[in-house]
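Visitor: Pasting in a structure now, in structure tokens, and then I'll have a few things to ask.
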Amino acid sequence: MEVVILPGSKQIGALAADAIEALLRRKPNAVLGLATGSSPLPVYDELARRHQEKGLDFSQAHAFALDEYVGLEPGHPESYREVIRREFTDRVNIDPANVHSPDGTAADLPAACEAYEDSIRALGGVDLQILGVGTDGHIGFNEPGSSLASRTRIKTLIEQTRKDNARFFKSIDDVPHHVVTQGLGTIMDARHVVLIATGAQKAQTVRDFVEGPVAAICAASVLQMHQHATILIDEAAASSLKLADYYRHTYDNKPKWQSI
Ligand code: F6R
């Protein structure tokens with residue numbers, strides 16, 4: 001796990017975009033894993049800017065969303081399929097047919113989850129997965145207690161997550177209770193994961209998953225077992241880390257040729 005502490009969202013967005021740009025240059029048909037929520041927005045803004053100003057090309061790329069609410073009607077503005085389209089994929093030249101989301105409206109949800117796993121596998125797996133982290137340590141919607149080996153499946157949201165996400169809806173009563181999410185095992189198969197966390201409200205969560213034990217009670221802690229996990233955080237989110245100075249020292253002295 002590499003922990004990089006940066007001054008703010010702009011620098012985080014730029015560094016994550018550097019990794020995605022380098023990936024697309026060496027593998028134009030790369031498979032990207034996309035998260036929704038607030039954390040990845042600076043990355044999507046920066047990628048859209050590089051596409052518009054520098055012609056960064058997504059025409060052969062593929063993308064898989066991490067998760068989706070169950071039961072929101074197709075086209076609902078807060079369905080993650082719509083959010084990903086609005087916040088990112090409509091702003092670059094990725095082929096809409098190459099952008100995949102779990103189907104939260106499927107009549108047979110278990111079959112749809114299996115099909116989602118198959119489609120990720122058929123494209124050779126995710127090259128770079130963008131992640132945020134919930135205040136309870138979830139990644140995707142793998143709430144506390146999720147199996148560390150889980151695959152795409154239906155999950156029930158914890159009340160704290162519904163409260164956290166109520167800001168996107170008219171009222172908390174409109175936040176669905178159920179979601180479909182890639183599992184922790186699915187996320188662990190990505191070749192590189194880049195998790196973004198900002199703000200003081202994430203400080204304890206970051207401490208728990210970076211420096212606490214690997215345990216299902218804090219799903220993101222499974223990333224300690226990943227071979228290439230990069231954690232991009234701002235000073236506020238880093239404020240409870242025991243080894244913050246060591247992470248800063250390591251990054252400041254990183255060889256120039258070595259990217260994240
Ligand atoms: C969203 C997702 C969630 C969010 C997490 C943090 O697709 O998978 O795990 O990343 O809830 O959300 P923000 O970034 O809004 O704090």
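Visitor: If eta is 0.890 mPa s and T is 25 °C, what Stokes-Einstein diffusion coefficient results for segment 31-71, Kirkwood Rh from Cα pairs, in µm²/s?
Guide: On the way: Rh = 11.7 Å.
The calculation lands on 210 µm²/s.
Visitor: If packing is taken as the average count of other Cβ atoms within 10 Å, what order do 14-20, 102-108, 92-98 fall into, highest mean first?
Guide: Ranked by mean Cβ neighbours within 10 Å, highest first: 14-20, 102-108, 92-98.
Visitor: I would also like to ask the following. Based on DSSP, what percent of beta bridges with both residues in segment 101-260 are antiparallel, to the nearest 5?
Guide: Given both bridge residues lie in segment 101-260, the antiparallel proportion sits at roughly 35 percent.
Visitor: On average, how much accessible surface per residue is there in the chain, in Å², for a 1.4 Å probe, leaving out ligands, DNA and RNA?
Guide: Roughly 44 Å² per residue, with all protein chains present.
Visitor: A further question on this structure: For segment 1-132, what is the per residue volume of the convex hull drawn over the alpha-carbon atoms, in cubic angstrom?
Guide: Value for segment 1-132: 114 Å³ per residue.
Visitor: Taking θ as phi - 60°, what are the ³J(HN,Hα) couplings along segment 71-82 by the Karplus curve (6.51, -1.76, 1.60), each to the nearest whole Hz, with x for Gly and Pro?
Guide: Per residue, the Karplus-derived 3J(HN,Hα) values read x, 6, 5, x, x, 4, x, 9, 5, 5, 4, 5 Hz.
Visitor: What does the C-alpha gyration tensor say about the overall shape of segment 1-43? Classify as rounded when a/c is under 1.5, otherwise prolate if a/b is larger than b/c, or oblate.
Guide: Prolate.
Visitor: Could you pull out every residue, at least 5 positions away or on a different chain, whose amide H is within less than 5 Å of the one on A237? Hs are placed 1.01 Å off N in the peptide plane, and Pro or chain starts have none.
Guide: Amide H neighbours of A237, under 5 Å, 5+ apart: G199.
Visitor: Could you tell me whether segment 123-210 comes out rounded, prolate or oblate from its Cα gyration tensor? Rule is a ≥ b ≥ c as square roots of the eigenvalues, rounded for a/c under 1.5, then prolate if a/b exceeds b/c, otherwise oblate. Please list the in-between numbers first.
Guide: Details: a/c = 1.84, a/b = 1.31, b/c = 1.40.
Since a/c reaches 1.5 but b/c is at least a/b, the shape of segment 123-210 is classed as oblate.
Visitor: Of the heavy-atom accessible surface of the chain (probe 1.4 angstrom), what whole percent is carbon and sulfur?
Guide: Within the chain, the accessible surface is 52 percent carbon and sulfur.
Visitor: When the C-alpha atoms of the chain are aligned to their principal axes, what extent does each axis show, in angstrom, from largest down?
Guide: Answer, in whole Å and largest first: 53, 41, 33 Å.
Visitor: On a 1.4 Å probe surface of the protein chains, which of S240, S146 comes out largest in accessible area, and what is the full order?
Guide: Ranked from most to least accessible, the order is S240, S146.
Visitor: Which far-off residues, 5 or more places away or on another chain, put their amide H under 5 Å from the one on C218, with H placed in the peptide plane?
Guide: Placed amide hydrogens put G145 under 5 Å from C218.
Visitor: Leaving ligands, DNA and RNA out of it, rank S147, S221 by accessible area with a 1.4 Å probe, largest first.
Guide: I get S147, S221, largest accessible area first.
Visitor: For K242, K256, give the ranking by accessible area with the largest first, probe 1.4 Å.
Guide: These residues rank, largest area first, as K256, K242.
Visitor: Hey, another quick one. Could you derive backbone 3J(HN,Hα) for segment 48-65 from the dihedral phi with the Karplus parameters 6.51, -1.76 and 1.60 (θ = phi - 60°), listing whole Hz in sequence and x where the residue is Gly or Pro?
Guide: Along segment 48-65, the couplings run 5, 4, 5, 5, 5, 8, 10, x, 3, 9, 10, 4, 9, 6, 10, 9, 10, 6 Hz.
Visitor: Would you compute, from DSSP H runs of 4+ residues alone, the mean residue ellipticity of the chain at 222 nm, taking -39500 (n - 2.57) per run and dividing by the full residue count, rounded to the nearest 500? Don't skip to the answer; put the middle values down first.
Guide: On the way: 8 runs with 84 residues, N = 260.
It lands at -9500 deg cm²/dmol.
Visitor: Additional query: Apply the Karplus curve 6.51 cos²θ - 1.76 cosθ + 1.60, θ = phi - 60°, to the phi angles in segment 205-213 and return the couplings in whole Hz, x for Gly and Pro.
Guide: 4, 4, 4, 4, 7, 7, 10, x, x
Visitor: Taking a ≥ b ≥ c as the square roots of the Cα gyration tensor eigenvalues, with a/c under 1.5 meaning rounded and otherwise prolate when a/b beats b/c, else oblate, which class fits segment 96-247? Spell out each step's value before the answer.
Guide: Values: a/c = 1.92, a/b = 1.30, b/c = 1.48.
Oblate.
Visitor: Amide H of E2: which non-local residues (sequence gap of 5 or more, or other chain) have their own amide H closer than 5 Å, using H built in the peptide plane?
Guide: A229, T230, I231
The values are calculated or read from the model by the stated rules, or taken from the named source; none is laboratory data. What you see is a predicted model; the values in this text were computed from it and never measured. Glycine also receives a Cβ, built like all others from the backbone with ideal geometry; neighbour counts cover every protein chain displayed. Note: accessible area is taken over every heavy atom of the protein model, side chains too, but ligands, DNA and RNA are not part of it. Shrake-Rupley method; radii C 1.70, N 1.55, O 1.52, S 1.80 Å.
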